[in-house]
């Protein structure tokens with residue numbers, strides 16, 4: 001299988017074979033970044049394009065109404081369309097999406113996958129608890145709260161949960177830690193490529209607090225994908241992050257978080273348990289042998 005090591009070796013060999021001025025280096029870096037962003041632009045644009053088509057077919061339905069009632073449908077359709085287009089493009093180039101994105105489902109370690117699912121789940125519970133316990137200014141958290149509340153509403157909440165907890169993690173890892181990171185590694189050092197991909201990942205989120213969390217999350221996802229030379233493991237970690245949406249939504253539905261003195265210790269307990277679980281599982285994962 002061809003992985004990140006081959007990409008980095010090719011970049012190093014190319015760098016040694018030719019000297020470049022700083023202007024040429026800047027131009028090449030810009031070109032690498034623009035090329036790395038192409039799959040992301042597709043991913044961001046398709047749901048909007050499909051929603052515009054829905055507005056036309058709906059004969060006058062305005063965008064706000066359509067997003068509120070059918071946003072889950074168009075978001076899921078955009079995810080599936082993105083995956084299909086990337087798959088077809090890889091086939092036309094004589095390659096495969098699995099090679100281009102460094103995704104190898106057959107080469108899996110179930111133990112590592114379970115550890116990473118748990119780490120992601122624990123980190124997400126910790127983050128959610130911090131956001132609800134710490135009195136951050138509304139401007140820092142309102143986008144996160146609105147996005148979280150929107151998961152259970154719309155055309156089909158079940159569809160929203162499937163896309164949030166399964167489809168989105170897979171496609172986003174293919175885009176960010178697959179295509180984007182691989183293309184960045186062809187022109188940047190490993191840490192630089194991780195930083196750029198994580199920064200872009202953070203900027204795609206909707207509030208300042210969520211951006212900060214997404215950046216740290218992106219660095220961890222990038223590190224895991226490089227460590228294992230297989231984004232299957234960052235997919236598992238990402239699914240763990242997103243999977244906390246369901247239990248938190250169910251708990252919110254009971255109203256337990258809003259019951260005065262009862263809600264505060266429950267939130268605190270959720271955060272502490274999540275943090276402790278993530279820490280213990282991460283220590284266990286670090287003892288696992290990385291891909292050789």
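The values are calculated or read from the model by the stated rules, or taken from the named source; none is laboratory data. On a predicted model such as this, the values are computed, not experimentally measured, just so you know. Using ideal geometry, Cβ is built from the backbone for each residue, glycine included, and neighbour counts are taken over all protein chains shown.
Values as computed for the structure displayed
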item	result
Tabulated pairs, the stretch 25-41, first free of Cβ contacts under 8 Å to residues at least 12 places away in the same chain, second exposed (fewer than 15 other Cβ atoms within 10 Å of the Cβ) and assigned to a helix (DSSP H, G or I), C-beta under 7 angstrom, 6+ apart or interchain	none
Single unsatisfied condition, residue 49 versus (1) modelled with pLDDT of 85 or more; (2) under 17 Å from residue 164 (Cα atoms)	(2)
Candidate set from the stretch 26-45 (those that are within 10 Å of residue 184 (Cα to Cα) and surrounded by 15 or more Cβ atoms within 10 Å (Cβ to Cβ)); member that is modelled with the lowest pLDDT	29
Residue within the stretch 110-119 that is under 18 Å from residue 228 (Cβ atoms), at pLDDT 90 or above and not in a helix (DSSP H, G or I) present	no
Within the stretch 146-240, helices (runs of 4 or more DSSP H) holding 3 or more residues that are at pLDDT below 90 and surrounded by fewer than 17 Cβ atoms within 10 Å (Cβ to Cβ)	157-162
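Each row is one residue, and each column tells you yes or no for (1) closer than 20 Å to residue 163 by Cα; (2) at pLDDT 80 or above; (3) in contact with a helix residue (DSSP H, G or I) (Cβ under 7 Å, 6 or more places away or on another chain); (4) surrounded by 15 or more Cβ atoms within 10 Å (Cβ to Cβ).
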position: 244; (1), (2), (3), (4): yes, yes, yes, yes
position: 270; (1), (2), (3), (4): no, yes, yes, yes
position: 275; (1), (2), (3), (4): no, yes, yes, yes
position: 284; (1), (2), (3), (4): no, yes, yes, no
